[in-house]
1. With angles folded into 0 to 90 degrees, how steeply does helix 217-226 sit against the dominant principal axis of the chain? Use alpha carbons for both and round to 10.
2. For segment 1-85, which GluC sites (Glu not before Pro) pass both filters: DSSP loop (anything but H, G, I, E, B) and at most 16 other C-beta atoms within 10 Å?
3. With the other protein chains left in place, how much accessible area per residue, in square angstrom, belongs to segment 58-232 at a 1.4 angstrom probe?
4. Ignoring ligands, DNA and RNA, how do Ser59, Ser14 rank by accessible area with a 1.4 Å probe, largest first?
5. Note the direction-averaged projected area, equal to a quarter of the hull surface, for the Cα convex hull of segment 1-135, in nm².
6. So which trypsin sites (Lys or Arg not before Pro) in segment 74-152 are both in a DSSP loop and have at most 16 other Cβ atoms within 10 Å of their Cβ?
7. Report ³J(HN,Hα) in whole Hz for each residue of segment 106-120, in order, from the Karplus equation J = 6.51 cos²θ - 1.76 cosθ + 1.60 where θ = phi - 60°; Gly and Pro get x.
8. Return the ratio Rg/(2.2 N^0.38 Å) for the chain, where Rg is computed over Cα atoms only.
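The values are calculated or read from the model by the stated rules, or taken from the named source; none is laboratory data. All values derive from a computational prediction rather than experimental measurement. Here the Cβ is made from the backbone with ideal geometry for all residues, glycine too, and neighbour counts use every protein chain on show. Heavy atoms of the whole protein, side chains included, go into the accessibility calculation; ligands, DNA and RNA do not. Shrake-Rupley method; radii C 1.70, N 1.55, O 1.52, S 1.80 Å.
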Amino acid sequence: MLYDAHCHPAEVPSKLGEIPAMDATLCVMSTRPDDIEHVKECSKFPNVIVAFGLHPWWSYLLSTGGSKVDHYQRVFTPAPELEEIESLPEPMSMDSYLNYIKQLLVNEPTALVGEVGLDKAFRVRINERLSRFRVQISHQRLVLERQLAIAQELKRPVSLHGVQAPGPLFDSVRQFSLPAVCLHSYSGSTEFYTQQWSKLTFPVYVSGAVIVNMPNQDKAESLLKSVPEHLVLSESDYGEAG
Ligand SMILES: [Zn+2]
């Protein structure tokens with residue numbers, strides 16, 4: 001049996017019906033309000049484990065309060081102009097959205113928390129186009145840590161996204177006591193894994209996707225040699241079923 005520890009078939013909802021015929025068990029990630037309903041649908045398939053969470057790329061959708069202008073000027077860097085803010089989506093209440101995620105997890109006892117994490121490299125996509133804005137790492141950490149607190153409370157493993165933020169990601173995760181985490185498409189150094197992640201009190205799995213990790217084959221090989229075999233998972237990170 002093949003296991004895919006991290007994938008995104010909900011990106012193409014019309015093909016979800018192909019999942020039961022796949023010769024694999026899939027951990028199906030959610031990333032944002034638009035795909036979470038489709039991920040929920042996948043929980044009916046016997047070869048699926050669903051994961052509920054908000055990906056850092058969409059962390060700007062959640063507001064801790066105040067006006068839309070206040071929110072985007074606080075969360076985006078560089079701070080947007082007033083006319084730019086008009087074309088941005090209305091933010092949602094962080095409390096309500098995270099309560100919704102928590103409720104989905106409560107209703108689905110085998111569900112994981114994911115995909116959550118930190119990303120210092122991305123720029124926000126608005127209407128399918130790359131904007132000039134990044135999301136402040138402090139805001140990303142708040143959204144991540146609130147979700148890690150839910151994972152800790154409900155005792156759920158977490159699938160973690162981390163790009164160019166190894167220190168802050170580790171500092172956020174180490175504050176929690178989790179059943180397990182998976183560093184999906186891990187792009188950090190082998191040393192950072194062996195000296196930091198592997199010292200945590202809970203299992204820290206590493207999964208690699210060919211498309212993300214393989215361009216640097218030496219790095220992938222050194223990592224695979226240093227992570228105990230039982231902590232290495234396979235993943236596709238692929239965005240379509242079939
Ligand atoms: Zn992913």
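1. The helix 217-226 is inclined about 70 degrees to the chain.
2. Glu81
3. Result: 51 Å² per residue.
4. Ser14, Ser59
5. The orientation-averaged projected area of the Cα hull of segment 1-135 comes to 8.9 nm².
6. Filter output for segment 74-152: Lys120, Arg123, Arg132.
7. Once θ is set to phi - 60°, the couplings for segment 106-120 become 4, 6, 10, x, 9, 5, 9, 9, x, 9, 10, x, 9, 8, 8 Hz.
8. My calculation over the Cα atoms of the chain gives 1.00.
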